[in-house]
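See structure below.
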């Protein structure tokens, strides 16, 4: 069928409508294209299709610097001009707040700030992951296909800074050589690289088994010039794998990055934002909320106290601790808790109480000025929402990587009558993709 693409969806596809008015999600197209498309699946409310031919290209269609756009899953919006990406991301956040959050359009327009773009559209990532597939005696490594279950081997990845763009290929070559004729029980490979510290980490995610540690260390270090080569052991079924250990094969045990003017270190299993400039933008938003609260209360910033829930290795904990009087940090993932403690010790910060455990169960007690929470993509559990509603905090800053779960939690928090959403700031940490981060600030009613 011939379709005119109307908008970008929150996903790799774009949206069109067929003659009957039924929605069609089209892969391989961008807003403004006129395409010939083939339906690949039909549903009650919408169909899915793939582009066969671009009949009339959109004025917002561009030639990306990466020849794998459309094949590799890393850049699903890579053929869309960045200005159009920015508009589409803000529109997707607005739609989520209206439809899922139940907020009136005029209220959303007043709450929703312009999209912040802290990094360049390309060359911003500090991390990529390689998928692995055994083919006879050889191990194939590369990125996931955009559509399908295949692997795309790339010569260079322009999402990484230029000096590191060929790291995935070098890592794949070294590991492929290492794996020739032997089964390493490899699940995936993580590559982290920092322009600020020059640290390069190659992390091999494997099942527990016999492993050529010394040989692996020498081959990978020589091939990638890594400052750290580690092995992350996992066990259990694919959808419920558990961490079984971490081995340092060569170099440093933790990858180091500089954020907010200070160095922090993160082990391979721990989360850190893939866009360092974007992480700093989030830090500025969070610390800015603390500064605004101190000014509003007429209190020195150094006297405020905060909770940092889902703290990870300390992306927000460390900057808050340098500015505020006291911070309690709660994190459930063991390696991240250990990273946080190591970062606090290295920074000589003694005004933080790190706690290991689920945020809903381990939520601190007592009066508090500010709560910062940065939950996983699934958002807040009902128990966590109830815990936030039961606190006496004056301000809540919610950092979210999914507009839909943020909007759902906005509805939950406001329906309890304790919190009122004051602003939502979308921040683009993931150019060339549909993903967008948001910083939502809530004020206590009354």
Test of understanding: express the Cα radius of gyration of the range 1-61 as a ratio to 2.2 N^0.38 Å, with N the residue count.
0.97
Highest to lowest packing among 165-177, 431-443, scored as the average C-beta count within 10 Å
431-443, 165-177
Average projected area [Cα convex hull, the chain], square nanometres:
22.4
Is the shape of the range 36-129 rounded, prolate or oblate, going by the alpha carbon gyration tensor and its root eigenvalues a ≥ b ≥ c, with a/c under 1.5 for rounded and a/b larger than b/c for prolate?
oblate
Full-extension gain in nm, residue 138 to residue 361, via 0.36 nm per residue minus C-alpha separation:
75.6 nm
Alpha carbon convex hull of the range 130-266, projected area averaged over orientations, nm²:
9.0
Quick note on 183, 339, ordering by fewest other C-beta atoms within 10 Å, gives 183, 339
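Please give the FRET efficiency for residue 166 paired with residue 18, using the beta carbon to beta carbon distance and R0 = 41 Å, rounded to the nearest 0.05. Mind showing how you got there, number by number?
Values: r = 43 Å, r/R0 = 1.06.
Rounded to the nearest 0.05, the efficiency is 0.40.
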Using alpha carbon centroids, what distance separates the range 177-202 and the range 1-32, in Å?
38
Per the Cauchy relation, a quarter of the hull surface: what is the mean projected area of the convex hull of the alpha carbons in the range 373-426, in nm²?
3.4
Top of 321, 383, 16 by mean-square fluctuation, Gaussian network on the chain, Cα under 10 Å
383
When 63, 224 are ranked with the fewest other C-beta atoms within 10 Å first, the list becomes 63, 224
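Give me the percent relative contact order of the range 1-61, please, defined on Cα pairs under 8 angstrom at least 6 residues apart.
Value for the range 1-61: 31 percent.
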When the chain is treated as a GNM, springs tying every alpha-carbon pair under 10 Å, which of 193, 290, 347 comes out with the largest mean-square fluctuation?
347
Pair-distance profile P(r), taking every C-alpha pair of the range 335-446, with 10 angstrom steps and integer %:
13, 40, 34, 13, 0
Most exposed first, judged by fewest Cβ atoms within 10 angstrom, 262, 180 run 180, 262
Any idea how far the Cα center of the range 391-421 sits from the one of the range 50-104, in Å?
27
Let me check against my output: what whole-number percent is the relative contact order of the chain, with C-alpha pairs under 8 Å and at least 6 apart?
13
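Here, each number is a calculation from the coordinates, and none is a lab measurement. What you see is a predicted model; the values in this text were computed from it and never measured. Heads up, the Cβs are rebuilt from the backbone with ideal geometry, glycines too, and the neighbour counts pull from every protein chain shown.
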